[in-house]
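Before any comments, here is the structure.
No lab work stands behind these numbers, since they all come straight from the coordinates. This is a predicted model, so every value here is computed, not measured. Positions of Cβ are generated from backbone atoms using ideal geometry, with glycine treated the same way; all protein chains shown enter the neighbour counts.
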Amino acid sequence: MLHIGCHLSCSNGYLAMGEQAVSLGADTFQFFTRNPRGGAVKPFDVQDAQALVDFLAEHRFAPVLAHAPYTLNACAADEKIRSFAVRTMREDLERLAHIPGAMLNFHPGSHVKQGAEVGIALIAKMLDEVYTPELPTTVLLETMAGKGSEVGRSFGELRAIMDAAKAGDRLGVCLDTCHVYDAGYDIVGDLEGVLAEFDREIGLDRLRAVHINDSKNPIGSHKDRHERIGEGSIGLEAFTRIINHPALRHLPFYLETPNELPGYAQEIALLRGCYQEA
Ligand code: FE
Ligand code: FE
Ligand code: ZN
């Protein structure tokens, strides 16, 4: 079975997201841990989180994915922004410890003229400050489009973060199809070659999730503008190969396309229809 869901708002609580996912034909979902463009967070409701955990088990969900806020920048030049990243990540991991199996995805950061090498070292340092053995959640580095000074624009940069962090062997990767295409990886014309490169640089065993988004722009444009599935430069044929690929077909897929809920339900149904049961 294809494990697929979309990005949902947690404004009505945790259990509500599980119920919403089921109503959309999904068996997983992604949500922001807090306001994505600020950092404000609602008080944590342990009972609601437990109700979601029970619901996920009952409905046999694939792992749900929490997304850290965009304002989290572990490699900012400003020390205050870096300590916000540490506090936020730790608090999110403490909350997610209540949802076994959930994973936390984050954008590695933007090095803002310090250079990628300094950025990578700062990201690894942040992870080492936050990531203690008592916090069980798997943290995922997201592949980035390479907009501005984003770190994580190549598989090699993600590998370098994993190598530099003490907790590196606990980290995984979330591959965003729009981002890697924007970064210059040809998942349309040469999916095999891209996955072989991922395996060489990082190891396919580290790939734990896929953000499934079409792109408004051609390969290599470093713009990061998501498009609806089949309406962008990646196209439905390429997505059909992606969701059915032996190295990917078991992974959870999360839509982050420009859609309201009915649009997400349609895309979930469309992709389920393109999935070949083994
Ligand atoms: Fe993201
Ligand atoms: Fe993404
Ligand atoms: Zn994006």
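Any chance you could tell me what percent of the C-alpha pair distances in segment 113-188 go past 22 Å? Everything past 22 Å amounts to 25 percent. For Lys113, a cut-off of 20 angstrom between C-alpha atoms picks up these lysines, skipping any fewer than 8 places away in its own chain: Lys80, Lys125, Lys147, Lys223. Taking 0.36 nm per residue of sequence separation and removing the Cα-Cα distance, the Glu91/Asn12 pair yields an extension gain of 26.4 nm. Fully extending the segment from Gln276 to Asp199, taken as 0.36 nm per residue of separation minus the present Cα-Cα distance, adds 25.3 nm. When each of His111, His250 is scored by the number of other beta-carbon atoms lying within 10 Å, the sequence from fewest to most is His250, His111.
Sorted from longest to shortest, the spans of the Cα atoms of segment 141-241 along the three principal axes equal 41, 29, 18 Å. Amide hydrogen proximity for Ser215: with H placed 1.01 Å from N in the peptide plane, the residues at 5 or more positions away or on another chain lying under 5 Å are Glu227, Gly232, Ser233, Ile234, Gly235. Annotation: Cα Rg of segment 76-207 relative to the compact-globule expectation 2.2 N^0.38 Å equals 1.04. Distance between the pseudo-spin-label points of Ala77 and Ala40 (7 Å out from Cα toward the beta carbon): 3.0 nm. Considered as an equivalent ellipsoid built on the Cα gyration tensor, segment 183-278 has semi-axes of 21, 17, 12 Å, the largest given first. If you wrap the tightest convex hull around every Cα atom of segment 10-132 and split its volume per residue, you get 107 Å³. Between Pro36, Pro136, Pro246, the GNM of the chain built on Cα springs shorter than 10 angstrom shows Pro246 fluctuating the most. The string of couplings for segment 124-131 from the Karplus curve (6.51, -1.76, 1.60, θ = phi - 60°) is 4, 5, 4, 4, 5, 6, 9, 8 Hz, one whole number per residue in order, with x for Gly and Pro. Rounded to the nearest 20 debye, the dipole magnitude of the chain is 520 debye, with +1 charges on Lys and Arg beta carbons, -1 on Asp and Glu beta carbons, and the Cα centre as origin.
The dipole here belongs to segment 1-131: it is taken about the Cα centre, uses +1 on the Cβ of Lys and Arg and -1 on the Cβ of Asp and Glu, and is about 420 debye.
Amide hydrogen proximity for Glu256: with H placed 1.01 Å from N in the peptide plane, the residues at 5 or more positions away or on another chain lying under 5 Å are Ile212. Of Lys113, Lys125, the sequence from fewest to most neighbouring Cβ atoms within 10 angstrom is Lys113, Lys125. Over the C-alpha trace of segment 6-73, radius of gyration and Dmax come out as 12.0, 36 angstrom.
Going from the residue with the fewest nearby Cβ atoms within 10 Å to the one with the most, Thr257, Thr138 rank Thr138, Thr257. Computed on the chain, the Cα convex hull volume stands at 116 Å³ per residue.
Placing unit charges on each Cβ (+1 for Lys and Arg, -1 for Asp and Glu) gives the chain a dipole about its Cα centre, and among Gly152, Met103, Pro36 the Cα reaching farthest toward its positive end belongs to Pro36.
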